[in-house]
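The values are calculated or read from the model by the stated rules, or taken from the named source; none is laboratory data. Just so it is clear, the model here is predicted, and its values are computed rather than measured. Note that each Cβ is placed from the backbone with ideal geometry, even for glycine, and that neighbours are counted across all protein chains shown. Keep in mind that these areas ignore ligands, DNA and RNA; they rest on the heavy atoms of the full protein, side chains included. Shrake-Rupley method; radii C 1.70, N 1.55, O 1.52, S 1.80 Å.
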Amino acid sequence: TGSIMQLTTIYQAAKMVLSISPYATMLVLAAVPVLSAASMMAQSASRKRSSVALESARENAATASEVLANARTVQSFTAEDMEAVRYAENMDKQYALELDYRVFTGGAHLMFQSISMALSAGGMYYGGNLVAQGKLEMTDLMLFMQYSFKIGHALG
């Protein structure tokens, strides 16, 4: 039902946006496929990074579990130092992978928020010019921006 509600919201808002200003609607319609494609690519890359980091954490846990379960064997072969080094290297690898994932995801969120704000500013600038030229009323501009935000929010 969430998807149906989002589609209904997009449809109704798109109808209103189009009826208010066909000129400004082109700005909204041009941005949607570009941002959607970029968002899907970023989500895919983020999921891959997350999977790699999670697998590294699993390997680390398996190493710790193996050493603890076989403590006597490790001690009898005097391999404590070797196991400690192996575990430390795995922890460093896991930290680097987690950091990469978090920096990438945070950067993607920052980029999409910046683009969203830039599009809003561009819409206000373009709409303000239409108001100044007498092609659009101020109330229509505000309605246009509100409906544009609804479309953007429904798209996620």
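Just the residues that are at pLDDT below 85 and of a type in the set (Asp, Glu), please, taken from segment 85-132.
none
Go through segment 21-42 and give me each residue that's among the polar types (S, T, N, Q) and either open to solvent by 70 Å² or more (accessible area, probe 1.4 Å) or not in a helix (DSSP H, G or I) (or both).
Going residue by residue through segment 21-42, those that are among the polar types (S, T, N, Q) are 21, 25, 36, 39.
Of everything in segment 21-42, just one residue is among the polar types (S, T, N, Q) and either open to solvent by 70 Å² or more (accessible area, probe 1.4 Å) or not in a helix (DSSP H, G or I) (or both), namely Ser21.
Can you go through Met26, Met40 and tell me which one is within 30 Å of Gln12 (Cα to Cα) and within 21 Å of the chain's Cα centre (by Cα)?
Details: Met26 fails: within 21 Å of the chain's Cα centre (by Cα).
Only one candidate qualifies: Met40.
State whether the residues of segment 109-122 include one that is more than 30 Å from Leu27 (Cβ to Cβ) and open to solvent by 70 Å² or more (accessible area, probe 1.4 Å). Give the steps one after another, and end with the answer.
Step one: of segment 109-122, the residues more than 30 Å from Leu27 (Cβ to Cβ) are none.
Taking every residue of segment 109-122 in turn, none turns out to be more than 30 Å from Leu27 (Cβ to Cβ) and open to solvent by 70 Å² or more (accessible area, probe 1.4 Å).
Out of the residues in segment 123-156 meeting the condition of being aliphatic (A, V, I, L, M) and free of Cβ contacts under 8 Å to residues at least 12 places away in the same chain, tell me which one is least open to solvent (accessible area, probe 1.4 Å).
Pass one, segment 123-156, residues aliphatic (A, V, I, L, M): 124, 130-132, 136, 138, 141-143, 145, 151, 154-155.
Right, trim to free of Cβ contacts under 8 Å to residues at least 12 places away in the same chain and you get 131-132, 138, 142.
Details: Val131: 39, Ala132: 87, Met138: 103, Met142: 81 Å².
That would be Val131.
Out of the residues in segment 43-62 that are over 19 Å from the mean Cα position of the chain (by Cα) and open to solvent by less than 70 Å² (accessible area, probe 1.4 Å), which is farthest from Met124 (Cα to Cα)? It would help to see each step written out before you state the result.
Within segment 43-62, the subset over 19 Å from the mean Cα position of the chain (by Cα) is 55-62.
Those still in the list that are open to solvent by less than 70 Å² (accessible area, probe 1.4 Å) too: 56-57, 60-62.
Numbers: Ser56: 47, Ala57: 47, Asn60: 51, Ala61: 52, Ala62: 55 Å.
Once the filter is applied, the top-ranked residue is Ala62.
Select from segment 1-14 the residues that are in a helix (DSSP H, G or I) and open to solvent by 100 Å² or more (accessible area, probe 1.4 Å) and list them in ascending order. Spell out the reasoning first.
Narrowing segment 1-14 to residues in a helix (DSSP H, G or I): 2-14.
Listed by number, the residues that qualify are Ile4, Met5, Leu7, Tyr11.
Taking segment 64-90 as the search range and keeping residues that are open to solvent by 80 Å² or more (accessible area, probe 1.4 Å) and under 23 Å from Arg49 (Cβ atoms), which one is nearest to the chain's Cα centre (by Cα)?
Glu89
Can you tell me which condition Val17 does not meet? The list is (1) free of Cβ contacts under 8 Å to residues at least 40 places away in the same chain; (2) in a helix (DSSP H, G or I), and all the others hold.
(1)
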